[in-house]
Amino acid sequence: KIDYVAKFLGERLKPLGYSRRARTFHRVVGAGAGECVQLLDLQGDKWNEGGRGRFTVNLGVCFPALLALQAKLPGLEWIGEHVKPTQLAFGPGGFQGRLNDAVPPTRDPRWPNELRNGDDFWATIDETTDLAALAEGLAVAVVDHTPAWFDARNRLAAFGRSQLESFGTPGARETVLAAVLQRDAELAAQRVRAVEPHRLAQD
């Protein structure tokens, strides 16, 4: 049933330049160090069984150049070996969020019942669910509201912006390295000085 929703959503996202792989959708914007991969994926709950369960929609912004730079650091070689920037919304290299982070406070009645700004979104599916209505409502929310969420985060200059601080905000290390990729040594040094040493090492 989640695959049905994913296929429906894929058709709505295709005109916007997204490619679909199973339950994951991505498109690439920018070039060079500023190349950015915008991702959505439908994540099923681990307790789903049979025809009943639930799923959420994850959002991700990933900069391949930032991944490559991190993979050169001691202890982070695994990033280069295992992280694929077009396959997972929740991962290193950028920003992460959920669909409820992107929608406005005023609900559209077409959205899935559980979708509200600020609430952790999980859509429920059971034998009474109208899958067509669920898929349509989800597509409305995604197409209408995720572009602004992505546009606010799809440049390296977005790193360090206080107004973007929320769940899924990049860690200190990524914020510093984003300044390095922008070739702004003064900004990188400023960000290093703003972070407690133990946090920089952990992040």
Counting Lys and Arg as +1 and Asp and Glu as -1 over every other residue whose Cβ sits under 10 Å from the Cβ of Asn48, the net charge comes to +2
What base-10 log of the normalised intensity I(q)/I(0) is obtained for the chain from the Debye formula, alpha carbons as equal point scatterers, at q = 0.08 Å⁻¹?
-> -0.30
Can you pull the percent of the chain's accessible area that's carbon plus sulfur, 1.4 Å probe, other chains left in place?
-> 51 percent
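Averaged per residue, what accessible area in Å² does the chain show with a 1.4 Å probe, protein chains only?
Values: 10730 Å² over 203 residues.
Accessible area per residue: 53 Å².
Okay, helix-only estimate at 222 nm for the chain: each DSSP H run of n ≥ 4 adds -39500 (n - 2.57), divide by all residues, round to 500 deg cm²/dmol; what do you get?
Working: 8 runs with 75 residues, N = 203.
So the calculated ellipticity at 222 nm is -10500 deg cm²/dmol.
Could you rank the peptides 153-161, 78-86 by their average count of other C-beta atoms within 10 Å per residue, with the highest value first? Don't skip to the answer; put the middle values down first.
Working: 153-161: 18.8, 78-86: 13.9.
Result, highest mean first: 153-161, 78-86.
The values are calculated or read from the model by the stated rules, or taken from the named source; none is laboratory data. A quick note: this is a predicted structure, and the numbers were derived from the prediction, not measured. No Cβ is skipped: glycine too gets one built from the backbone with ideal geometry, and neighbour counts run over all protein chains shown. Just so you know, the surface numbers come from the protein's heavy atoms only, side chains and all, with ligands and any DNA or RNA stripped out. Shrake-Rupley method; radii C 1.70, N 1.55, O 1.52, S 1.80 Å.
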